[in-house]
1. Can you pull out the residues in the range 47-75 that are surrounded by 12 or more Cβ atoms within 10 Å (Cβ to Cβ) and among the β-branched types (Val, Ile, Thr)?
2. List the residue pairs whose Cβ atoms are under 8 Å apart, where the first residue sits in the range 96-111 and is closer than 16 Å to residue 26 by Cβ, the second is assigned to a loop (DSSP other than H, G, I, E, B) and among the charged types (D, E, K, R), and the two are 6 or more positions apart or on different chains.
3. Return the residues of the range 101-117 that are under 18 Å from the mean Cα position of the chain (by Cα), surrounded by 10 or more Cβ atoms within 10 Å (Cβ to Cβ) and assigned to a loop (DSSP other than H, G, I, E, B); say none if nothing qualifies.
4. Every residue in the range 74-96 that is charged (D, E, K, R) and farther than 14 Å from residue 106 by Cα, please.
5. Looking at (1) in contact (Cβ under 8 Å) with a residue 24 or more places away in the chain; (2) surrounded by 13 or more Cβ atoms within 10 Å (Cβ to Cβ); (3) within 12 Å of the chain's Cα centre (by Cα), which one does residue 87 not meet, given that it meets all the others?
6. Residue by residue through the range 8-51, note down the ones that are under 19 Å from residue 79 (Cβ atoms) and among the basic types (Lys, Arg).
7. Contact list please: Cβ distance under 6 Å, first residue in the range 1-29 and touching a residue at least 40 places away in the same chain (Cβ under 8 Å) and under 25 Å from residue 93 (Cβ atoms), second residue among the acidic types (Asp, Glu) and surrounded by fewer than 12 Cβ atoms within 10 Å (Cβ to Cβ), pairs at least six apart or on different chains.
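Every number here is computed from the coordinates shown, using simple stated rules; none is lab data. Here the structure is a predicted model, which means the values were calculated and not measured. Glycine gets a Cβ as well: all are built from the backbone with ideal geometry, and neighbour counts include every protein chain shown.
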Amino acid sequence: MEGLSNYEKEVRPWGNFERFTLNEKTTVKIVTVNPGEAISLQTHEHRDELWRILSGSGSVVIDNIEQEANPGDQFFGKRGNRHRVEGGPQGLVFLEIAFGEFEESDITRLEDRYGRA
């Protein structure tokens, strides 16, 4: 997978697994975006982020390119990319793996519906 140096998908007799990180500094979150809501349009200086959609639907914007987001879809945002995730009619739940230094203060909000920019 582009952007992940330690990504591996391996087939086993019982099925398969995907490894996204190996002995790296990472932070893992499961993020829920409510129906019709969106995280702020933002950038980070000190981390890259991988998002894998777990349930629901919506859209992901990375550097002004908007893509539909459905279960199983994956997106990778590099440091400095402008990005936003928006929930569709049922909302959206995604796994986020942040690579690098993780601090909530490493969010530069460019646009925000909730007055935080």
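1. Correct list: 53, 60, 61, 62.
2. Listed pairs, sorted by first residue: 99/24; 99/25; 100/25; 100/79; 101/25; 106/45.
3. Matches in the range 101-117: 101, 102, 103, 106, 107, 112.
4. 84, 86, 96
5. Single failed check for residue 87: (3).
6. Within the range 8-51, 25, 29, 47 meet the criteria.
7. Matching pairs, first to second residue: none at all.
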